Amino acid sequence: MRVIDNSTKVGTLFLEPNIGYKINKYLRIGVGYRYSFRAGNSGLLNRTAQRYNIDLEGRKKFGKFTLKLRTRFQQGFMDFYMNENRAPGSYPIYNRNKFGIDYQFNKIWSLFTEFELYLPLNKPQQRNFDRFRFTLGSSLDLKNRNTLDCFFRIQKQLNTANPETDFIIGLGYAYDVKLSKKKKKDKDKKDEKNKKEKE
C-alpha cells in the first residue's frame with residue numbers, strides 16, 4: 001500500500017509476487033508480476049495497471065560491506081478492465097539499473113543505501129533517463145528468515161520542464177523461502193535404509 005498527500009489518502013494498492021533463483025554466490029535472477037489499483041482524479045481507487053519484470057542481480061561481499069548491482073527489464077501491459085481507452089503505446093517499458101551498498105553491523109542489523117536510474121525504452125521523445133531514486137534505510141533480520149525494513153527515499157523526475165520531487169518514507173516486511181536439499185538427502189538415506197531392512 002502506498003499513501004499520498006502526507007499519508008492522508010491511499011494512492012496505490014498492489015499485489016506483487018516475485019520468484020528468484022540464486023545461480024551462484026554472485027549472481028541471481030528473478031521474475032515478478034504486479035497488479036495494482038490506483039487513485040484517479042476523484043480520489044477513488046478506480047484505475048488499474050499491470051506489469052511484469054525480469055531481473056539480473058550481482059552481489060559481492062567485502063568484509064562487512066556488500067555491493068549490489070541490479071538491472072531490470074520492466075513492461076506494463078493491457079489491463080483487465082477500467083482502462084479500455086488507453087492507447088497500447090502508452091504502456092511503459094523501462095530498463096532500471098540500481099546500485100546498492102549494505103553494511104552489516106551484526107547478525108541482525110544492517111544499513112543500506114541505493115541509487116536507481118529509470119531509462120524509458122518506448123518513448124521516442126525521451127531518450128535519456130527520466131527518473132532517479134536515492135534510498136537510505138535500515139534492515140532488521142529476525143528469526144526464521146523474516147526481515148523488517150524501514151527507509152527514506154527521494155524520487156525525482158529528470159529531463160523534463162517541471163520535474164516533480166517525491167519524499168518517501170517506507171516500511172517493509174519480507175519472508176525468504178529457502179528450499180532445502182538437506183531434507184531430500186535425509187529422506188533418500190532413510191528410504192535406502194528401509195529398503196535394505198526389507199531385503
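Of all residues in the stretch 100-123, none satisfies the criterion of being in a strand (DSSP E or B) and free of Cβ contacts under 8 Å to residues at least 12 places away in the same chain. Residues that are loosely packed, with under 13 Cβ neighbours inside 10 Å and either touching a Lys or Arg at 6+ places or on another chain (Cβ under 6 Å) or in contact (Cβ under 8 Å) with a residue 40 or more places away in the chain (or both) within the stretch 7-19 comprise just one, Glu16.
Residue check: is Ala174 loosely packed, with under 14 Cβ neighbours inside 10 Å and under 18 Å from the mean Cα position of the chain (by Cα)? So Ala174 fits the description; yes. Restricting attention to the stretch 157-167, the residues being part of a strand (DSSP E or B) and either in contact (Cβ under 8 Å) with a residue 60 or more places away in the chain or not hydrophobic (A, V, I, L, M, F, W, C) (or both) number 3. When the stretch 137-149 is filtered for residues that are loosely packed, with under 13 Cβ neighbours inside 10 Å and either at pLDDT 90 or above or touching a helix residue (DSSP H, G or I) at 6+ places or on another chain (Cβ under 9 Å) (or both), the ones remaining, listed by number, are Leu140, Asn146. When residues in the stretch 20-57 are screened for being within 22 Å of Asn97 (Cα to Cα) and either among the β-branched types (Val, Ile, Thr) or exposed (fewer than 13 other Cβ atoms within 10 Å of the Cβ) (or both), 9 of them pass. Criterion applied to Leu111, Leu13 was being at pLDDT 85 or above, in contact with a strand residue (DSSP E or B) (Cβ under 8 Å, 6 or more places away or on another chain), within 20 Å of Ala174 (Cα to Cα) and not assigned by TED's automatic domain parsing to the domain that holds Phe152, and the one residue passing it is Leu13. Within the stretch 152-173, can one find any residue that is of a type in the set (A, V, I, L, M, F, W, C) and modelled with pLDDT of 95 or more? Yes, there is a match, as at least one residue in the stretch 152-173 is of a type in the set (A, V, I, L, M, F, W, C) and modelled with pLDDT of 95 or more.
The rows are residues; the columns are (1) in contact with a Gly (Cβ under 7 Å, 6 or more places away or on another chain); (2) without any contact (Cβ under 8 Å) to a residue 60 or more places away in the chain; (3) among the hydrophobic types (A, V, I, L, M, F, W, C); (4) outside any helix (DSSP H, G or I).
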{"residue": "Phe151", "(1), (2), (3), (4)": "yes, yes, yes, yes"}
{"residue": "Gln155", "(1), (2), (3), (4)": "no, yes, no, yes"}
{"residue": "Ile169", "(1), (2), (3), (4)": "no, yes, yes, yes"}
{"residue": "Tyr173", "(1), (2), (3), (4)": "no, yes, no, yes"}
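The test for being assigned by TED's automatic domain parsing to the domain that holds Lys178, surrounded by 12 or more Cβ atoms within 10 Å (Cβ to Cβ) and either over 19 Å from Leu56 (Cα atoms) or not acidic (Asp, Glu) (or both) does not hold for Phe105.
Is it fair to say Gln126 is part of a loop (DSSP other than H, G, I, E, B) and in contact with a strand residue (DSSP E or B) (Cβ under 7 Å, 6 or more places away or on another chain)? Even if it seems obvious, please write down each step before you answer.
Working: part of a loop (DSSP other than H, G, I, E, B): yes; in contact with a strand residue (DSSP E or B) (Cβ under 7 Å, 6 or more places away or on another chain): yes.
Judged against the criteria, Gln126 is a match.
The values are calculated or read from the model by the stated rules, or taken from the named source; none is laboratory data. What you are looking at is a predicted structure, and each value in this text was computed from that prediction instead of being measured. Glycine gets a Cβ as well: all are built from the backbone with ideal geometry, and neighbour counts include every protein chain shown.
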